[in-house]
Structure formats: structure tokens, C-alpha cells
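A.B. asks: Before anything else, here's the structure in question.
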Amino acid sequence: MTKNNDIKMMTPTTIVLFIILVAGAVTAVYRMLFGLGAATNLNDLWPWGFWIGVDVLGGVAMAAGGFIIAGAVYILNWKKYKVIVRPAILNAFFGYLLAAVSIFLDIGRSFRIWHPMVMWQVSSIMFIVSIHVVLYTTTLATESSPMIFEKLGMKKALGFVNRIMAPVVLFGVLLSTLHQSSLGAVYLIIPTKLSPLWYSNKLPYMFLVSAVMMGLSMVSFETILSARVFKHKPHMEVLKGLARGTLIVICVYLALKVFDLISGAGISAVFNGSFTSNMWLLEMVAGVILPLVLLSMKSTRNRLNSIFVVNILVILGVLLNRLNVGIFGVAEYASMAGSDYFPSWMELIVTAAMIAFAVLGFKVCAKYLDLYPETQH
Amino acid sequence: MNDQKADTSQEPVSTLDRLREQGVSRRDFLKFCTGVAVALGLPLGMGEAIAEAVANQKRPPVLWLSAQECTGCTESLLRSNHPTFEKLILELISLEYHETLLAGCGKQAEDWRVKSMKENKGRYILVVDGSIPVKDNGIYCKIGGKTAQSLLEEMGAQAAAVIAIGSCASWGGIPSADPNPTGATSAHEVLKMKGITTPVVNIPGCPPNPYNFLSTVLHLLTFRKLPELDEQARPKFAYGRLIHENCERRPHFDSGRFAVQFGDEGHRKGYCLYKLGCKGPETFANCPSILYNDVGAGAWPVGTGHPCFGCTEKGVGFTVPLHYPARPKYITPPTFFTEAYPGKPEVAPGTKALAAGVAGAVIGAAGAAMLTGLGKKDDENKDKEE
């Protein structure tokens, strides 16, 4: 039962992913040896680039599904979602691992990454971010550990973890809400750099709400995808529930965005054809308006393929939002100050390797651990 | 005030001990003193000298006289939030008399003032806030039956130094605005009329930055002399440069980017407020570099989008209409040049390419998903069959 023999490890995709992973690892070593300047195109005006935008902001947002589903199952006792709780948490764990590794590579002096844990600087937003990453990654590991203990047959440890699961999940939910929003709060310190289309005192809330939206879609997306890849039947009721949840959160997010636009930059600011306004429009149309229109039709919410499409749209939209906040929103300022940024091939390969790592890791876990306890009975 | 005085005379403990009792560590104390040294433009090592001076001396007596004023100076001083500031100011100096902060009142308070003046003759610091009415023999402001003018003359003559805090005491301020019905006059002019030669320092501002005042006091304590003053008796460390020289919006001025109306595009983008009547080009003060309330960047009038109205400058604040353009008679370069903006307000090509790539990927992926996924119906049935 604990070994899913239907999953083949030696597929062409797996091999390609593995090659990317190795290339990324070599590049990461190069970065450690020769520094950020040699490996990346970052500079003083572009201190944060692709790694922060995609791996950290994107990875953490993708991981939001973990705390939502864990909270729904272990705290609210919504039994329906029990079937997806393990993959959701595992997915979140990989998201956070990605973020943690990227932060390690992105900070100037990587081997001082432990400093915030020991030397608390409680008035710094970066302290909040770093302590949350550490605590929540640990929490996610604890939440995922029953699978490992089952596999290894450690009954005592399993019993212990299951007993403390509710408080651990509660703690994880608390950390997640704080962490998702604190990533937004990081950008509160650059009012002059970030375009007013994204800069707002509500940025932390927007990060949280969009992460919830993304988390629900991500869990649904990954449920459908793994059902296809690992060839088992997805639970349509679960997917319908997730789609309903996504719809509700999208409405909240849209209201928040529109309110913020009106009270901040003004509606005309998104229709003036500028670089930032086009990026804003693309993000909103692809990630919010289209999914909202599609999901508001009952026929969409009941069809697996349509839900899958909506999931892709939402994920793309929120990822683009993170890139907009992290990179394109500061582009006008940095360009005016005479600087340019396009990620170096090393940055791209490391990011690709991160994603490859998550996919491969997930696959290995699906093969050797009891990731879908309900589907195999 | 009486009790406090009695306490200190009973147990002669050092300032540091007293601070420790109140929860101020040695480290906090040194930090405060170093901060003051920096505000004064002194080398960092002076922080220790200041700390020593403050900790080892008998607290100098300070009498505070309020005339035609709004208490804004006191209020802003009370809100300076360096670590436990209120305690520090009460422990650094011995505040003998201050109408807003007095514990006693009426005759008791006035008696204490007289007693303290007698005891500390020639040693105390007199702080004045508010302008002094001199019209009709100064009857427009009376304290304890005496006019503010006579009080200032009496107290100023016996003081070691006079610090005029706020624009009112420095040059007349808002009460002196046309038509000046009370004949509001600055402290140093009142003293001069009477021929009193006690040195006067002016700390104009409405209200002035509390750290300018604090730094002056500590300079006095540490070096036993007043800081270097300009021709208007203002400390040069605080009023040596135009606001326009240190303003964070100066690059916009130099590039000709102005806000012309409140809420217009330029105003939202943080452009120069010169055309809204900003008096930065003719006003000497350190507001843009020292800021207010210790809350970080932008915490001063221009930083929040309001033009400077020249409160520290005689003949500008409360005199020139608020939105009347400044007359930049002192043409000085900015103290530092911010990042050069060589390019047009256009996004650089590399970033644009990245954005195009990302946008293409998003549109491509979303489009492909919608085209292939939305039309498919068979799949669903197939799922059901399975």
C-alpha cells in the first residue's frame, strides 16, 4: 500500500527535470563560490530580482493551500477535504523549502542566515519574515511527518504526532496568515520605489487574500494534475468545493483591488497605456476577471476541465502579481535612476531547478509515501 | 515641583543611578547622548563627553516663561520620543518653573519662582516661549498680576542665558502678524530695549524641532557655552542651511517637475511643491534632515505633501501668504545629489523584455488552457466512465 507501483520514475519528463535540477545545483555552488555579482544580474538599484519574485513570493503564495486545507480538515473538521490534506501540506512544504533555499542564495552573506534566529531585531519586518519561514517550514515538516512515520512503521512517533496535530495545525494557520501578509508588508518600506498601482497600506491584506485564492486553486490544480499523471480518479465534490471557495475569495480580492485603485492611484492610472498599467491590467484580467466570469457560471464549476482552466488562470494571475510587486512595479523608478534588469541565465536555471526539485520531490513522495490514502483503498 | 526638589536634596544620588531606577539603562543613556552629538554635528566620540557632563553635574536649574503662546512648543517637546524622553528632560535639568507642567499653582507657584530665582541667581537658564506684548505697557498678557514684559525683564536680567523657543519668542511669530494688535515682540528685542545683555539663543519654528532645543541645552551643559550662532542668534547646526538644500524633493525642482495643484498628478508623484508656494528656498531650518517624531522618512511637512510655509523665518512665516511663491534670494546648490536620472521616464529595455516575456508566457499559457480546456466536454464523461 505504501508503494505506488503505477508511478514510473524513469519517464522522459523526469529525466529532463533531473538534468535541470543538477544544472541548478551546480549553478548554486558557483553562486556560493563567486558571489551574487558573478552569478546574477542584480545591482544596487535592483537588489531583488527573479529569485525573490518567483521563488520566494511565488513559492510562498503557492504554499497557501497547505494551511487552508489543514485548517479545514483538522480544525473545522470538514471531512470532505481529508483526501487532499496530505498532498496539500506536502505541496506547501515544497513551496516553503523553495522559498527558504532561495532566500539562502539571494542574501549577500548566505552563511549568516541563522543570525536573525539568534539576534532578534524585533522592529525589522525582515525579522518577522525570516522567523516565520523557519517556524512554518518546521510546522509543515511536522504536519507531513505522519507519512514518513507510517512508511518507517514508527507507531509511537506516529501516535504522538497525531495527538499534537490539532495544535500544530492551529499554530501553522496562525503563522501562515502572518507570514503571507508580512511578505506584503516588506514592500511597505518602498513607497517611493513601488508604483502606486501596487503600493498601498493594504498590501499585506492583499497578499494574504490573493495567497488564499492562489492556495485554493493550487490545491485543486495539483489534485487534478496528479489524478491525471498518477491515473486515479479525482473527487469531483472536493474540486467543486474548492472552486466555490476560489470564487468567494476572488470576489473579496477584486473588491479590495478596486477599492484600493480608486482610493489610491485612480482609475485613469490603469488605462493610460503605460508599462505598469498594462502589467496591472494583464494581472487583473488573467488572474481575477476571467476566473471570476468563468467561475460564476455553474457549468464551469461542475466540469473538471473548466475548473482546471480557471486554476491555471488564477495561479498565473497571482504569480504575475508577485512579479509585478517584486520586479515590474519598481521598474519605472529603477529605470529612471539609470538601471536595467534582465535575469542572468544562472538566475533562470536556478529558478527552473527549484521548480524541478519541487515536482520531482512531490513525485518521489507520491511513489514511496502514502500520499493519497483514500484513493487507493 | 517642591517634592521633587526636596527628594534630591535628601539623597544625593547621581543622575545615572536615578535614570537606572527609572528603567533607563546606561546603554540607552549613551545612545541618547550620542544621538544629540550627531544632531549637533559633533564627532561621535562627543556622545561620551555629553554623557559625562550630564551625569556628573548638579542639574542646572531651568525656568520656563510662557507669554503669548499656544503651548505647541511644550507639547512637541513632550512628544519627542527618544527613549523615555520625558524622564530624561526632567532628570537632566531641574525644571523649576513651567506654567504647563507645574505641580503647584497660584501663589505657591509664583513664590517658588521667586525663591528659585534668588537661589540660582546668574546660574539658571531661562526658556521663553510665546511673544511678549509691549503695546499699552504690555497689559495684554499678565501672569500673577505682572505683565509678561516685566517678568521677562526681571527674569532675563538674572539668567545665565535665555533660550527663546518657537517663532513667537524668536521673532514674534503668529501674534505679531499684521496688524499686530498687542505689539507682540520677540524676547531678545524686549531685553535689548531694556539694555539687558544676557546672551539669547533663538530656536524658531512653529513648533521647532524638539531636538534642536535639546541639543542646544546639552551643548550648554557640556561645553559651558552656547553653540555657534548666526546673525539672528539661531544655532548654526540647526539653521545653517536652507530647507531647499536638503529637501528630498530638490531633484524635482532642478528638473523642473512641479505639483501645480493639490491632488494633481505631479502632487501624487511627489514632485516639488515650489509652485504651491513652498517657502523652502528662503527658509533656514534642518527639517528635511532631522525630521519629526522619529518615525522615519518623509515625516515633515513637505514630505507629507504640504508646502513649507517658512515658520522659522522672520518676514516669511505668517507674513507672506501661504501659496505665494517663494523668493529664492539665496541661490545654493543641493547638499547632495540624488541618483542621476539620465533617462526619460521610460522603462529600461532589459526589464521591458523580461516583462514582455512574462506577459507572453502568461497570455500564452492562459490562452492555451482556455482554448483546449473550455471546449472539452468528452473528458468529463470519460472521468465518469472510469
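Read-outs throughout are calculated quantities, based only on the coordinates presented, and are distinct from any laboratory measurement. Keep in mind it's a predicted model, so treat the numbers as computed, not measured. Don't worry about glycine lacking a Cβ; one is built from the backbone with ideal geometry, like all the others, and counts go over all protein chains shown.
A.B. asks: At q = 0.10, 0.14 Å⁻¹, what log₁₀ I(q)/I(0) does a Debye calculation on the Cα points of segment A:230-350 give, no solvent, two decimals?
C.D. replies: Values, matching the q order: -0.42, -0.73.
A.B. asks: I would also like to ask the following. Could you order the peptides A:183-195, B:59-71, A:73-85 from most to least packed, using the average number of other C-beta atoms within 10 Å per residue?
C.D. replies: Most protected by this proxy first, the peptides run B:59-71, A:183-195, A:73-85.
A.B. asks: Next question, about the same structure. Give me the inter-chain shielding for A:323-335: mean count of other chain Cβ atoms within 10 Å, whole number please.
C.D. replies: Whole-number average of other-chain Cβ neighbours for A:323-335 is 4.
A.B. asks: For a protection proxy built on the mean count of beta-carbon atoms within 10 angstrom, sort B:348-359, B:184-195, A:103-114 highest first, please.
C.D. replies: Numbers: B:348-359: 17.5, B:184-195: 20.3, A:103-114: 14.2.
Sorting B:348-359, B:184-195, A:103-114 by mean packing, highest first, produces B:184-195, B:348-359, A:103-114.
A.B. asks: Ok, one more. How far is the Cα center of segment A:119-139 from the Cα center of segment A:196-221, in Å?
C.D. replies: If we compute the Cα centre of each part, the gap is 20 Å.
A.B. asks: In debye, nearest 20: dipole of segment A:12-368 around its Cα centre with unit charges on the Cβ of K, R (+) and D, E (-)?
C.D. replies: Numbers: 25 positive and 12 negative charges, 324 e Å.
The dipole of segment A:12-368 has a size of about 1560 debye.
A.B. asks: For the protein assembly as shown, with the dipole built from +1 on Lys and Arg beta-carbon atoms and -1 on Asp and Glu ones, taken about the Cα centre, which of A:Phe230, B:Leu221, A:Val118 lies farthest toward the positive end?
C.D. replies: A:Phe230
A.B. asks: Taking the Cα atoms of segment A:12-368, what is the range of coordinates along each of the three principal axes, in descending order and whole Å?
C.D. replies: Cα extents, longest axis first: 60, 52, 45 Å.
A.B. asks: Which entries of A:Lys82/A:Lys231; A:Lys193/B:Lys236; A:Lys231/A:Lys363 show an alpha-carbon separation above 23 angstrom in the structure shown? Please report the intermediate quantities before stating the final value.
C.D. replies: Details: A:Lys82/A:Lys231 19 Å; A:Lys193/B:Lys236 34 Å; A:Lys231/A:Lys363 13 Å.
A:Lys193/B:Lys236, as the Cα separations exceed 23 Å there.
A.B. asks: Distance between the C-alpha centers of segment B:309-337 and segment A:25-61? Whole Å please.
C.D. replies: If you average the Cα positions of each part, the centres end up 46 Å apart.
A.B. asks: What's the magnitude of the charge dipole for the protein assembly as shown around its Cα centre, counting Lys and Arg as +1 and Asp and Glu as -1 at the beta-carbon? Answer in Debye, nearest 20.
C.D. replies: The calculation lands at about 1580 debye.
A.B. asks: Would you tell me the mean number of C-beta atoms belonging to other protein chains that fall within 10 Å of each C-beta in A:309-321, as a whole number? Before the final figure, lay out each step's value.
C.D. replies: Details: counts 10, 4, 2, 6, 6, 0, 2, 8, 2, 0, 3, 6, 0.
Mean shielding count: 4.
A.B. asks: What is the local net charge at A:Leu295, summed over the other residues whose Cβ is closer than 10 Å to its Cβ (Lys, Arg +1; Asp, Glu -1)?
C.D. replies: +3
A.B. asks: I need the calculated FRET efficiency for the pair A:Lys156 and A:His232, taking r as the beta carbon distance and R₀ as 30 Å, to the nearest 0.05. Walk me through the numbers before you get to the answer.
C.D. replies: On the way: r = 31 Å, r/R0 = 1.03.
So the FRET efficiency works out to roughly 0.45.
A.B. asks: Give me the Kirkwood hydrodynamic radius of segment B:2-239 in Å, from all C-alpha pairs, to one decimal place?
C.D. replies: It is 18.2 Å.
A.B. asks: Next up: Quick check: Cα centre of segment A:147-176 to Cα centre of segment B:284-300, how many Å?
C.D. replies: So the separation of the two Cα centres works out to 51 Å.
A.B. asks: Toward the positive end of the charge dipole of segment A:25-174, about the Cα centre and with charges on Cβ (Lys, Arg +1; Asp, Glu -1), which of A:Phe127, A:Leu174, A:Pro146 goes farthest?
C.D. replies: Going by the charge dipole, the pick is A:Pro146.
A.B. asks: What translational diffusion coefficient, to the nearest whole µm²/s, does segment A:167-292 have by Stokes-Einstein, given a Kirkwood radius computed over alpha-carbon pairs, a temperature of 4 °C and 1.567 mPa s viscosity?
C.D. replies: On the way: Rh = 16.3 Å.
Here the translational diffusion coefficient equals 79 µm²/s.
A.B. asks: Along the Cα→Cβ direction, 7 angstrom out, place labels at A:Asn272 and A:Lys79. What is the inter-label distance in nm?
C.D. replies: 5.8 nm
A.B. asks: Tell me, what is the percent relative contact order of segment B:242-343, built from C-alpha pairs under 8 Å that lie six or more residues apart?
C.D. replies: On the way: 169 pairs, mean separation 32.0, N = 102.
This gives 31 percent for segment B:242-343.
A.B. asks: Then there is this: Let me check I have the definition right: for segment B:242-343, take the eigenvalues of the Cα gyration tensor, multiply each by 5, take square roots. What are those semi-axes in whole Å, largest first?
C.D. replies: On the way: eigenvalues 72, 50, 43 Å².
Its equivalent ellipsoid spans semi-axes of 19, 16, 15 Å.
A.B. asks: Translational diffusion coefficient of segment B:194-286 at 20 °C, 1.002 mPa s, Stokes-Einstein with Kirkwood Rh over Cα pairs, in µm²/s as a whole number.
C.D. replies: 140 µm²/s
A.B. asks: Given B:Tyr271, B:His244, B:Gln261, which one lies farthest toward the positive end of the charge dipole of segment B:242-343, if we put +1 on the Cβ of every Lys and Arg and -1 on the Cβ of every Asp and Glu?
C.D. replies: Going by the Cα projections, it comes out as B:Gln261.
A.B. asks: A further question on this structure: Just tell me how shielded A:273-283 is by partners: mean number of partner chain Cβ atoms within 10 Å of each residue's Cβ, no decimals.
C.D. replies: Mean partner-chain Cβ count within 10 Å for A:273-283: 2.
A.B. asks: Moving on. Hey, what number do you get for chain A at 222 nm if only DSSP H runs of n ≥ 4 count, each worth -39500 (n - 2.57), divided across all residues, to the nearest 500?
C.D. replies: Here the helix-only value at 222 nm equals -22500 deg cm²/dmol.
A.B. asks: Here's something else I'd like to know. If you place +1 on the Cβ of every Lys and Arg, -1 on the Cβ of every Asp and Glu, and leave all else neutral, what size is the dipole of segment B:2-239 about its Cα centre, to the nearest 20 Debye?
C.D. replies: Charge dipole of segment B:2-239: 380 debye, to the nearest 20.
A.B. asks: How many percent of all Cα-Cα pairs in the protein assembly as shown sit more than 40 Å apart?
C.D. replies: 50 percent
A.B. asks: Could you tell me, in Å, what Rg and Dmax come out for the Cα atoms of segment B:100-183?
C.D. replies: In order Rg, Dmax, the Cα atoms of segment B:100-183 give 13.6, 41 Å.
A.B. asks: Average projected area of the Cα convex hull of segment A:100-206, in nm²?
C.D. replies: Across all orientations, segment A:100-206 yields a mean hull projection of 9.0 nm².
A.B. asks: Rounded to a whole number of µm²/s, how large is the Stokes-Einstein D of segment A:78-127 at 20 °C and 1.002 mPa s, given Rh as the Kirkwood radius over C-alpha pairs?
C.D. replies: This corresponds to a translational diffusion coefficient of 160 µm²/s.
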